[in-house]
Amino acid sequence: MRFCCLLTIPFLATHVLSDAFNPDPNSFPDWGKTGKFDPETFVELKRLSTPVLSPNRTKVVYSQYQYNIKDNANGRNLRLFDIQKGFQSAIDLTDYKYKQGDSSPIWVSDDLIAFTATRGTAASNIFTISTTSLKITQVTNFTNGISGISYGKEAGRIAFISKVYKGMGLEESAKERKRIASLPSSGIVFDHQNVRFFDTWILKDRSQLFTIPVKLVNNSITTTGDPVNIVEKYEGEWGLEPSGYDFSADGKSIVFSAKIEGKNEAWSADTGIFVSPVDGSTAPTRLNSNYQGSSASPVYSNDGKSIAWLQQTSKQNVYGQNQVLIYDTSTKTQTRLVEYWDRSPNSISFSDDDSKLILTVPYEKDVALFELLISNNTLTRISQDGTTSLVSQLSNDSYLVLTNTFQYPDTLFKLSKDSNGKYESIQISFENNPVLDKLWFSPTETFWFNGALNETVQALVLYPYGFNPSRKYPVFYLIHGGPHSSWYDGWSWRWNPNIYANQGYLLVIVNFHGGDAYGQKFTDSILKNWGSYPYEDLMTGLDVLLDNAPFADKENVLGVGASYGGYMVNWMNGQTDRFKAFVNHDGIFNTVGMYYSTDIIGYMEVEFGIPWIPEDRKVYEKYSPETYANNWKTPMFVVHSGMDFRVPISEGLSTFTTLQRKGIESKFLYFPDENHWVLKPQNVLFWVSEILEWCGKYTNTTVWSLGS
């Protein structure tokens, strides 16, 4: 079936220089009455996650994390409020205690919520709480941890993930894990890639999808049988690890996605969409065997007649475009929607009446919600600025959504049509407002310029605390990672741009070629081409900024990047001397060495090729920062962590060795207990403090420091 594609996007930007260089004075507060957003405030903010709407659509429950610097402890509890009564009705559904974690709430009925916690058990288990009596009941008592619970009312089952060994259930696997830990030798034998992923070594156990039968009586839920491994009868290689699962409306089946295991899995992405009986009585049936490529986000329609998912068409390029597929469960046929759209959604769900698909889509500086009307293949953007995800539909013309921006972390909004048919957002949760409302958060401004390939490129700008357009400010040029991940107007718990703007820096981000928010051609343009178009965009964007922003100090420009951004910092050190200093977090130094040691060699083959093939080797060497290390002269601060398997520690050490051997001023910060990110709060504070100290030194800027 072939559709035409009609697109309605009321928030398109114009590709011209904007007022980013001539900001409205009314955008700035009375600085004497406005505080700075500092790292200590940052790590102590509340973090809302996994909000879920009640079946009667009146209440929302969510999990909330908070860290306390004084006690160096954190906790997570459940919060609840009535949408109709407003946020003043919000309560702690479970007590907030440090070192206690209540998470993943789901509604069993309008008065009963299930969640996962340890609460004195040997591992994570299922508990329930009544929203009226607040009585907490333990439902399961497994010694093997579980996660990702989902309730199927018609199925009379709860689905969950648990890591088990081949042929073993939960309890047997817990005993086997304990037995292995007690062996006199710690040696592990591998017979195929991958041997590790992100920050974890891949052992013999695998995450499997289970369902357990339950009974709901008098607002109390109990198990009525043993958990069943839904994928146990799978006929392919053992180890299929499901994710993204959904019960059918009639409760007879469950759909899930899972990466196909095998000898080629490390360099060939193939994710199956499977349907299985909820009791695991027969082997799962694959629905997308006509594709070899990554797939995700499978979901049943509310009437059970359709399944939708996102499908890539290349078994190698994991950053290929996600196609929107819909599957008719009766005719067993597939239809691809919006076939000619060049954007790549990252999640999908059905509207209540099944007439629309709701997509979240990276779109320029935002991650936006789109309605896709299935009958005529038309798209309409319904969310505005920021990074938005769907929580649930509230009515025919309203949604409950989760949105964050550079100015605030995840916050609940009601997205509703006004009298003119336009969607408007109304904030309905205010967990962090008492803190945030007193501090400076720069508005997100943008400008566009002609970059590589004579194509328009977007840049984002944040203004420093105390901004006065008659003064000049050092430029904090923040370079995104990926490289196929654009930098969205969204909150980050790692690299938070407003932290640095509040220290007196003019913060600038260029969404260079390769990002995922400007069309698939834009994304693919840098394959086997890492050092060209992104570098050209970054240099051109910097020129445009310095030529047009009189308050930008061209003599004080810092280059700061992580992951691919760290690669680009190394690359720029070999190409230009226009930066005062660099910060390189987890960056690549030698592309050939990266191929042989990373956990994602398939990714490297798409980006560069295979290094022992002569033509590909030329690409590796052409775009390896190591090739141009002789040109390095700019001071650099290097950060790397011992548990980083994405960009292994050897890359950071090689960078630092080069700097030291060449006599270039440099420092190396090592975290033995962090991965590709810095996550532990005290490490975050130390990390930011060291970065600011380095940047302040080279720009003569007074900055926050740990313990000051």
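Worth a mention:
- Per-selection Kirkwood Rh - segment 326-463 (Cα, Å, 1 d.p.): 17.1 Å
- For segment 213-252, a simple Cβ point-charge model (Lys and Arg +1, Asp and Glu -1, everything else neutral) yields a dipole of about 300 debye relative to the Cα centre.
- Between the alpha-carbon centres of segment 339-373 and segment 601-633 there is a gap of 36 Å.
- Against the compact-protein benchmark of 2.2 N^0.38 Å, the Cα-based radius of gyration of segment 209-321 scales to 1.17.
- The alpha-carbon of K633 sits under 12 angstrom from the alpha-carbons of these aspartates and glutamates, leaving out residues fewer than 8 places away in its chain: D577, E665.
- Rg and Dmax of segment 17-148, Cα atoms only, in Å: 19.5, 62
- Within a straight-line Cα-Cα reach of under 17 Å, K46 can be paired with the following lysines, leaving aside sequence neighbours fewer than 8 residues apart in one chain: K70, K97, K99, K438, K680.
- Straight Cα distances below 20 angstrom link K33 to the aspartates and glutamates D24, D437, with same-chain residues fewer than 8 positions distant left out.
- Relative contact order computed over the chain (Cα-Cα under 8 Å; 6+ residues apart), in percent: 10 percent
- Estimated Rh, the chain: Kirkwood, alpha-carbon pairs, angstrom: 27.1 Å
- Entry note, segment 363-437: relative contact order of 20 percent, from Cα contacts under 8 Å with a spacing of 6+ residues.
- Listed pairs K580/K662; K153/K332; K259/K315; K365/K417; K59/K85 exceeding 19 Å between Cα atoms: K153/K332; K365/K417
- Put a dot 7 Å past the Cα of I428, heading toward its Cβ, do the same for L527, and the two dots end up 4.3 nm apart.
- Prolate/oblate/rounded call for segment 645-688, Cα gyration tensor, a/c under 1.5 rounded: oblate
Readers should treat all values here as calculations from the given coordinates under stated rules, not as data from a laboratory. Predicted model, so just to flag it, every value in this text is computed and none were measured. Cβ sites come from the backbone with ideal geometry, for glycine too, and all protein chains shown count toward neighbours.
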